[in-house]
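Peer 1: So that we are looking at the same thing, I have put the structure below in structure tokens.
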Amino acid sequence: MVRSSRRQGSGEEVRAALSRLRKGEVAPVYLIHGSETFLRDEILREIRQAVLGEGSDFNHDVFSWGETPSSDIVSAAHTLPFMAGRRLVEVRGVGQVNDKDADILIPLVENTPPETVLIFIADKADLRRTFFRKIGDSGLSLRMETPGERELPAWMQSQAEGLGFTLTREGALLLTEWVEPSLGRIRSELEKLAAYLAPGEEADAEAVRDLVGRSKVDAMYKLGDVLAEGNAPQALSLVRDLSDSGPGPQFLVGFLRNQIRRWTITKAAARRGTGQKELAEMLGVPPFAVDRLRRNVGSVSSRYLRNLYGKLLAVDRQIKRSGRGNAALHALELFIIEMTRDASGFGARSGR
């Protein structure tokens with residue numbers, strides 16, 4: 001079994017834990033905590049598969065915290081597996097652990113029977129508490145949180161590996177750019193790629209465009225270009241088409257937020273003389289996108305971009321209050337009209 005002193009699960013540590021589980025390497029005790037349910041369910045599946053395989057439910061005990069005495073958890077953990085090599089004990093909904101429960105469970109955590117694997121699952125875990133720290137000392141404490149934008153490509157590549165194909169970084173960056181930032185949605189697109197490719201085959205940016213939807217990918221890039229040109233009619237047309245075909249106003253706000261952030265970084269990088277490859281890594285975009293971004297921000301000021309970002313945040317709050325209906329789309333359209341008519345920025349290019 002794997003023993004680790006790691007106490008927190010960054011995205012990298014969660015990916016490493018999944019990789020070890022797929023090789024059959026299992027820690028004696030896990031603390032799975034955090035709000036990202038997709039990741040939690042994924043790692044629980046991998047632990048169950050590694051410990052039980054297709055084994056019998058006789059060797060899988062599931063308890064609810066607060067409904068089960070700690071002594072029953074200890075008793076189950078010390079029960080020998082039935083006609084199998086290991087037993088899995090899950091404790092769900094772990095909350096506050098009082099001193100009495102800690103005194104009972106800490107010895108189990110520190111000396112888990114070799115034929116038993118323990119999992120404690122919590123929405124929140126105060127890692128300053130002795131009980132939770134002891135789990136990190138004896139096994140793995142993994143925090144389930146949605147990967148940030150910069151972490152998503154590596155997470156996608158790890159998922160692709162589990163599905164039996166290789167996803168290039170350029171392909172992962174393109175998925176990050178286009179797919180709604182939901183781990184479930186991203187996983188669905190990766191499963192499409194896995195079904196399309198032969199086992200072990202590589203998926204590059206071209207394969208992603210072909211399968212995920214070349215027209216939509218191109219439309220997203222085109223939207224950034226026409227906004228930078230100050231072309232309100234074409235920008236509004238693209239927004240309506242994209243909204244009707246799947247991504248709603250909230251997703252488009254997310255795209256625009258990332259686009260403005262990239263424009264701002266690109267503008268600052270131009271003053272420093274940052275090279276294309278380095279800038280692509282900073283922005284989390286394929287190298288070919290850097291030239292496009294540089295053209296977009298050539299004549300606008302950093303101050304204009306900062307003001308634009310602040311206005312978009314106000315639109316984001318308005319859309320979150322109004323939901324996904326016509327009111328949300330209307331708020332986004334008004335923002336685009338103002339953005340493309342501002343003579344101090346992109347509006348100067350349209351001649352308005």
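Quick note: the coordinates plus some simple rules give every number you see, no bench work behind them. The structure displayed is predicted, hence computed values, not measured ones. All Cβ positions, glycine included, derive from the backbone under ideal geometry; neighbour counts span all protein chains shown.
Peer 1: Given all pairs of different Cα atoms, what value in angstroms does the Kirkwood hydrodynamic radius of segment 214-350 take?
Peer 2: Working: mean 1/r = 0.0660 Å⁻¹.
That comes to 15.2 Å for segment 214-350.
Peer 1: So, one more: Provide the per-residue ³J(HN,Hα) series for segment 144-157, in order, calculated from phi with Karplus coefficients 6.51, -1.76, 1.60 and θ = phi - 60°, each as a whole number of Hz, with x at glycine and proline positions.
Peer 2: Karplus values, whole Hz, x for Gly and Pro: 8, 9, 4, x, x, 4, 6, 8, 4, x, 5, 5, 4, 5.
Peer 1: Between the helical axis of 37-52 and the dominant principal axis of the chain, each derived from Cα atoms, what acute angle in degrees is found, rounded to the nearest 10?
Peer 2: The helix 37-52 is inclined about 40 degrees to the chain.
Peer 1: Shifting gears a bit: Given [x] 5, 20, 21, 16, 13, 10, 7, 5, 3, 1; [y] 5, 21, 24, 20, 16, 10, 3, 0; [z] 5, 25, 34, 24, 10, 2, 0, which label gives P(r) over Cα pairs in 10 Å bins from 0, in percent as computed from the coordinates?
Peer 2: [y]
Peer 1: If you don't mind, another one. Anything over 31 Å Cα to Cα? Flag those among LYS124/LYS320; LYS192/LYS311; LYS277/LYS320; LYS23/LYS320, in the order listed.
Peer 2: LYS192/LYS311; LYS277/LYS320; LYS23/LYS320
Peer 1: Between the helical axis of 302-322 and the dominant principal axis of the chain, each derived from Cα atoms, what acute angle in degrees is found, rounded to the nearest 10?
Peer 2: Helix 302-322 sits roughly 60 degrees off the main axis of the chain.
Peer 1: Please arrange TRP178, TRP65, TRP263 by counting, for each residue, the other beta carbons lying within 10 Å of its beta carbon, fewest first.
Peer 2: TRP65, TRP178, TRP263
Peer 1: Separate question: Measure nothing but the geometry: give the 0 to 90° angle between the long axis through the Cα atoms of 169-178 and the longest principal axis through the Cα atoms of the chain, rounded to 10°.
Peer 2: That helix lies at roughly 70 degrees to the long axis.
Peer 1: Here is a further query. Of HIS78, VAL26, PRO286, which is farthest along the charge dipole of the chain in the positive direction, counting Lys and Arg as +1 and Asp and Glu as -1 at C-beta?
Peer 2: PRO286
Peer 1: About the Cα centre of the chain, how large is the charge dipole given +1 on each Lys and Arg Cβ and -1 on each Asp and Glu Cβ? Please answer in debye to the nearest 20. Intermediate values should be presented prior to the final figure.
Peer 2: Working: 50 positive and 47 negative charges, 349 e Å.
With Lys and Arg at +1 and Asp and Glu at -1, about 1680 debye.
Peer 1: Cross-link candidates for LYS222: which aspartates and glutamates have Cα within less than 18 Å, leaving aside residues fewer than 8 places away along the same chain?
Peer 2: Within the straight-line limit of under 18 Å, LYS222 reaches these aspartates and glutamates: GLU177, GLU180, GLU206, ASP210, ASP241, ASP244, ASP291, GLU333.
Peer 1: Which listed residue (ALA343, PRO249, ALA160) has the Cα farthest towards the positive end of the charge dipole for the chain, taking +1 on Lys and Arg C-beta and -1 on Asp and Glu C-beta about the Cα centre?
Peer 2: Projecting each Cα onto the dipole axis, the largest value belongs to ALA343.
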